[in-house]
Amino acid sequence: MLDYSRFEVPAERLRWTCDPTTLDFETTVELEPMAEPIGQQRAMAAVDFGANVPSHGYNIFVLGPVAAGRSTMTRQALAAIAAEQPTPSDWCYAYNFSDPRAPVAIELAAGDGRRLANDVDELIEDVTQAIENAFESEEYQNQRDELLKEFREERHREMREFEQEAEKAGLTIGRSPGGLVVAPARDGEVMSPQDYDALEDEERQALDKKREQLQDKLVDLMQDLRRREKEARKALRELDRQTIQFATGHLIDELIEEYREYDAVIEHLEQMKQDLVENVARFRDGEEHTPPFPIPDALLSGEHVPYDRYRINALVGHDDGRGAPVVFEMNPTIDNLTGEIEYQTRMGALVTDFTMIKPGALHKANGGYLLLEAEAVLRRPYAWEALKRCLKNGQVRVESIQDQLRLISTVSLEPQPIPLNVKVVLIGTPLIYYLLHIYDDEFSKLFKVKADFNVTIDRSEETIREYARFIAAKCQEEELPAFSAAAVAKVVEYGVRTAADQEKLTTRFGPVVDLVREASYWATRNGHREVVQPEDVDYAIEQHIWRSNRIEEQLLEMIQQGTLMIDTDGAAVGQINALQVMQFGDYMIGMPNRITARSFMGSNGVVNIEREAKLSGPVHNKGVLILSGYLGQKYATEQPLSCAASISFEQSYSQVEGDSASCAELVALLSSLSGIALRQDIAVTGSINQHGMIQPIGGVTRKIEGFFYACKIKGLTGNQGVVIPASNVRHLVLREEVVAAVEQGKFHVWAVETVDEVLGILTGRPAGQADAQGNYPKGTVHQAVQDRLKELAEAFKEYGRPQGGKGRGED
């Protein structure tokens with residue numbers, strides 16, 4: 001048996017441990033909380049650059065994995081930048097007197113928008129009271145009564161004179177569907193047709209002549225009375241106008257003087273003054289001023305109070321004056337981004353007006369920063385296109401999904417667009433960022449700044465201390481118990497394990513913060529109410545694993561029962577234990593998987609059974625194809641490969657992807673060709689290139705642990721272990737239980753660089769080196785493979801040659 005102990009990885013290299021004595025504090029209470037992001041200098045510099053550069057299109061896309069602190073760190077950085085910037089303008093909407101469907105946008109200094117709205121509301125109250133008092137005043141009533149009295153007296157006098165003239169002529173005034181008429185009379189009453197017919201012809205002709213003359217005169221009189229009645233109404237309206245103008249003019253002028261620096265406000269107030277005068281009937285009580293059909297007007301305008309049109313809709317206000325706004329919109333629908341117009345139901349109809357315009361996130365963030373989850377924006381219908389449209393045009397126009405679909409043709413408002421000056425910060429995964437770059441031509445023009453969050457940082461004394469200060473900040477922020485130095489060391493070790501690299505620390509602080517919280521909880525349950533101890537951190541990790549590893553325990557139980565056929569002892573030809581990882585949500589497990597290989601005469605080469613069954617991914621297919629390249633350069637430089645082989649993942653019924661099993665597949669194939677048995681108490685992981693070099697793979701820690709627990713449940717023999725690529729040793733962060741088993745000699749980890757080293761460990765024989773003629777020494781694995789390939793080649797040649805001496809197909 002050859003000695004391959006030089007490939008064994010010592011226990012101290014299987015896990016990095018943090019010595020609490022190297023930490024210069026006893027508890028995190030002594031530390032200054034960490035306020036700055038850890039290890040994200042590049043990303044934070046990009047955020048600072050994008051937030052401050054004034055040019056168009058320099059919006060920011062923050063990319064990184066979930067739980068890397070993207071949102072929190074970005075919001076904190078933007079809040080600090082925004083606090084030093086000027087507070088943006090307020091924006092209001094006002095009634096458009098020339099086009100009521102297009103409300104007017106008014107810009108005011110920060111804080112003046114809501115003040116103007118309140119001042120106008122107070123003005124309306126004062127105007128309402130002033131108009132009511134003016135129309136109820138004795139002076140107004142006297143002037144109005146005087147106008148009406150003069151008209152009525154004159155009308156009564158002229159009608160009385162006409163009636164007397166008609167009586168003298170034997171006529172009277174009667175009523176007909178067409179109005180007043182002059183008719184023959186007897187005893188002051190209209191003459192009946194019988195009496196009229198009984199008159200003498202001469203008398204009747206004389207009466208008709210007088211009636212016609214007076215009828216013409218009555219028509220002229222009525223026209224004159226209507227003209228004078230119109231003049232009287234005009235005089236009354238003029239009186240009302242003068243009354244309103246006198247009662248309200250000085251009130252509006254006072255507000256105009258207060259906002260004299262805003263031309264748009266002055267224009268609105270002047271139009272309000274004019275509208276009050278021109279629509280005096282809207283503000284008068286009385287039957288003669290009530291329109292005959294009020295409901296349609298109310299429905300068309302959306303107003304239910306005459307003064308509503310004069311109010312100010314304070315769309316966005318910045319009363320606090322604390323710099324630029326930072327807005328994070330969690331539900332970025334098109335309505336929530338660009339604003340919406342609300343409706344009310346009145347008399348069975350939907351009505352609206354400018355006071356029902358509601359701001360969107362772009363309105364609220366105007367002059368500042370708007371943070372959005374990229375995936376959320378892309379999932380909401382029409383939201384992404386609306387966002388790009390606003391950024392391209394430099395203005396935000398109120399839109400809704402109903403406008404995009406146009407399911408029902410309705411008349412609505414079209415508010416004037418508001419100029420837009422905002423920095424949009426999208427937060428998403430690298431996949432979304434690169435897909436948008438590929439498939440959306442406008443994306444690179446609008447989002448020119450990439451803030452790329454790193455998932456790891458170098459482990460050093462400085463970063464370890466920053467980790468400790470980060471823990472101190474969380475304890476202070478969430479009022480958690482302090483952590484002892486030993487407990488902090490455990491959290492740092494967890495950060496190294498999460499990073500899957502002994503020289504790195506994870507910057508995905510979501511899991512780290514969860515561990516801090518859970519350890520604090522269990523510390524309180526265990527009586528450590530003041531300071532969290534290292535055993536509390538260990539228990540929190542154990543509990544998290546226990547809550548997540550039900551499927552892992554069931555798989556191990558199936559291995560123990562023999563349902564999943566995994567040998568952890570003995571030897572077999574063409575059979576090997578490979579390792580795989582499986583992800584179940586936030587929990588990853590490693591598991592052994594049996595690979596078998598069979599070789600036979602033929603010319604089909606290596607057949608990947610998973611590929612034939614359409615259960616193999618492209619990377620795995622590539623790994624299997626590499627085997628053919630290795631076999632060719634190793635054994636077929638002088639003769640062709642005249643063999644066929646099949647490789648299969650046994651009891652695998654789902655997609656196989658990745659090339660981390662290509663080394664194990666090659667070793668199983670060489671075992672099948674050579675007839676040399678492979679140890680079943682050793683599992684192998686690692687990819688291979690065509691030169692037989694072992695390349696690094698992912699998930700090495702979980703893979704080793706998976707085979708360890710499979711061996712443990714079937715019984716540790718002291719000979720079991722895992723072969724890994726030498727380049728993966730720095731990625732080992734094994735659980736303490738596995739490290740202890742290696743220290744006690746119950747389990748082993750070998751690190752190799754070539755497939756020849758793997759063959760030696762699994763077969764107990766040297767792999768062998770070819771001489772100048774390409775022959776391998778006797779007793780080596782490669783010599784056995786070479787001899788077998790020669791036998792197959794000769795047999796294939798003889799099989800193809802018929803008894804007459806000519807091969808098949810020869811003439």
Among (1) open to solvent by 40 Å² or more (accessible area, probe 1.4 Å); (2) under 17 Å from P88 (Cβ atoms), the one test that Y369 misses: (1)
Sole residue being closer than 23 Å to Q502 by Cα and open to solvent by less than 40 Å² (accessible area, probe 1.4 Å), chosen from F453, F443: F453
If Q543 satisfies all but one of (1) modelled with pLDDT under 95; (2) under 30 Å from V491 (Cβ atoms), what's the number of the condition it fails? (1)
The residue that is most open to solvent (accessible area, probe 1.4 Å), considering only those in the range 613-653 that are closer than 20 Å to A772 by Cα, part of a loop (DSSP other than H, G, I, E, B) and not aliphatic (A, V, I, L, M), is E638
Could you give me the residue pairs with C-beta distances under 8 Å whose first residue belongs to the range 111-137 and is farther than 16 Å from Y310 by Cβ and open to solvent by 80 Å² or more (accessible area, probe 1.4 Å), whose second residue is modelled with pLDDT of 90 or more and not polar (S, T, N, Q) wherever it lies, and which are 6+ apart or on separate chains? R114/D90; R114/A314; R114/G317
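So that you can scan it fast, the table gives a plain yes or no per residue for (1) surrounded by fewer than 16 Cβ atoms within 10 Å (Cβ to Cβ); (2) in contact (Cβ under 8 Å) with a residue 24 or more places away in the chain; (3) more than 21 Å from A677 (Cβ to Cβ):
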{"position": "R547", "(1), (2), (3)": "yes, no, yes"}
{"position": "L555", "(1), (2), (3)": "no, yes, yes"}
{"position": "Q560", "(1), (2), (3)": "yes, yes, yes"}
{"position": "G570", "(1), (2), (3)": "yes, yes, no"}
{"position": "A578", "(1), (2), (3)": "no, yes, no"}
{"position": "I589", "(1), (2), (3)": "no, yes, yes"}
{"position": "R594", "(1), (2), (3)": "no, yes, no"}
{"position": "A597", "(1), (2), (3)": "no, yes, no"}
Could you look through the range 426-440, keep only residues that are in a helix (DSSP H, G or I) and under 16 Å from the mean Cα position of the chain (by Cα), and pick out the one that is surrounded by the fewest Cβ atoms within 10 Å (Cβ to Cβ)? L431
On the basis of being over 48 Å from the mean Cα position of the chain (by Cα) and open to solvent by 10 Å² or more (accessible area, probe 1.4 Å), does S660 make the cut? no
Looking at T74, T87, which one is among the β-branched types (V, I, T) and open to solvent by less than 20 Å² (accessible area, probe 1.4 Å)? T74
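Looking for something among the aliphatic types (A, V, I, L, M), assigned to a helix (DSSP H, G or I) and either in contact (Cβ under 8 Å) with a residue 60 or more places away in the chain or closer than 14 Å to S674 by Cα (or both) - is there at least one such residue anywhere in the range 744-752?
As a first pass, look at the range 744-752 and keep what is among the aliphatic types (A, V, I, L, M): 749, 751-752.
Now drop any that are not assigned to a helix (DSSP H, G or I), which leaves none.
No, the conditions are met nowhere in the range 744-752.
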Count - residues of the range 59-102 that are in contact with a Phe, Trp or Tyr (Cβ under 8 Å, 6 or more places away or on another chain), under 21 Å from G367 (Cα atoms) and aromatic (F, W, Y): 2
Return the residues of the range 14-26 that are surrounded by fewer than 19 Cβ atoms within 10 Å (Cβ to Cβ) and either closer than 19 Å to T456 by Cβ or out of contact with any Leu (no Cβ under 7 Å at 6 or more places or on another chain) (or both); say none if nothing qualifies. W16, T17, D19, P20, T21, T22, D24, E26
Test of understanding: among Q720, Q786, Q769, Q803, which residue is among the polar types (S, T, N, Q) and at pLDDT 95 or above? Q720
Exactly one condition in (1) out of contact with any strand residue (DSSP E or B) (no Cβ under 9 Å at 6 or more places or on another chain); (2) modelled with pLDDT of 80 or more; (3) more than 17 Å from N133 (Cβ to Cβ) is false for H268; which is it? (1)
Which condition number does L515 fail, the rest of (1) within 26 Å of A43 (Cβ to Cβ); (2) in contact with a strand residue (DSSP E or B) (Cβ under 9 Å, 6 or more places away or on another chain); (3) crowded, with 16+ Cβ neighbours inside 10 Å; (4) not basic (K, R) being met? (2)
Being assigned to a helix (DSSP H, G or I) and farther than 30 Å from K703 by Cα is the filter; apply it to the range 476-505 and report the residue that is least open to solvent (accessible area, probe 1.4 Å). A485
Restricting the search to the range 138-193, which residues are open to solvent by 90 Å² or more (accessible area, probe 1.4 Å), more than 30 Å from F246 (Cβ to Cβ) and at pLDDT 75 or above? H156, R157, R160, E161
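Of S642, S603, S654, which residue is out of contact with any Phe, Trp or Tyr (no Cβ under 8 Å at 6 or more places or on another chain) and among the small types (G, A, S)?
Values: S642 fails: out of contact with any Phe, Trp or Tyr (no Cβ under 8 Å at 6 or more places or on another chain); S603 fails: out of contact with any Phe, Trp or Tyr (no Cβ under 8 Å at 6 or more places or on another chain).
Within the list S642, S603, S654, the selection yields S654.
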How many residues are part of a strand (DSSP E or B) and within 44 Å of the chain's Cα centre (by Cα) if we restrict to the range 543-585? 8
If E202 satisfies all but one of (1) within 60 Å of the chain's Cα centre (by Cα); (2) open to solvent by 90 Å² or more (accessible area, probe 1.4 Å), what's the number of the condition it fails? (1)
Working carefully through the options V62, V9, V29, find the one that is within 30 Å of L431 (Cβ to Cβ) and either surrounded by 13 or more Cβ atoms within 10 Å (Cβ to Cβ) or within 25 Å of the chain's Cα centre (by Cα) (or both). V62
Exception for Q680 within (1) open to solvent by less than 30 Å² (accessible area, probe 1.4 Å); (2) more than 46 Å from the chain's Cα centre (by Cα); (3) farther than 21 Å from A767 by Cβ; (4) in contact (Cβ under 8 Å) with a residue 40 or more places away in the chain falls at (3)
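If you scan the range 767-787, which residues turn out to be among the small types (G, A, S) and either under 17 Å from G675 (Cβ atoms) or surrounded by 10 or more Cβ atoms within 10 Å (Cβ to Cβ) (or both)?
In the first step, residues of the range 767-787 are kept if they are among the small types (G, A, S); the result is 767-768, 770, 772, 774, 779, 784.
Those that are among the small types (G, A, S) and either under 17 Å from G675 (Cβ atoms) or surrounded by 10 or more Cβ atoms within 10 Å (Cβ to Cβ) (or both): A767, G768, A770, G774, G779, A784.
Working only within the range 456-471, note down all residues that are open to solvent by 10 Å² or more (accessible area, probe 1.4 Å) and assigned to a helix (DSSP H, G or I). Let's see the steps before the verdict.
Residues of the range 456-471 that are open to solvent by 10 Å² or more (accessible area, probe 1.4 Å), as a first pass: 456-466, 469-470.
E461, E462, T463, I464, R465, E466, R469, F470, listed by residue number.
The values are calculated or read from the model by the stated rules, or taken from the named source; none is laboratory data. Quick caveat: nothing in here was measured; it's all calculated off a predicted structure. When we count neighbours, we look across all protein chains shown, and the Cβ atoms used for this are built from the backbone with ideal geometry, even at glycine. These area figures cover heavy atoms from the full protein model, side chains too; ligands, DNA and RNA do not enter into them. Shrake-Rupley method; radii C 1.70, N 1.55, O 1.52, S 1.80 Å.
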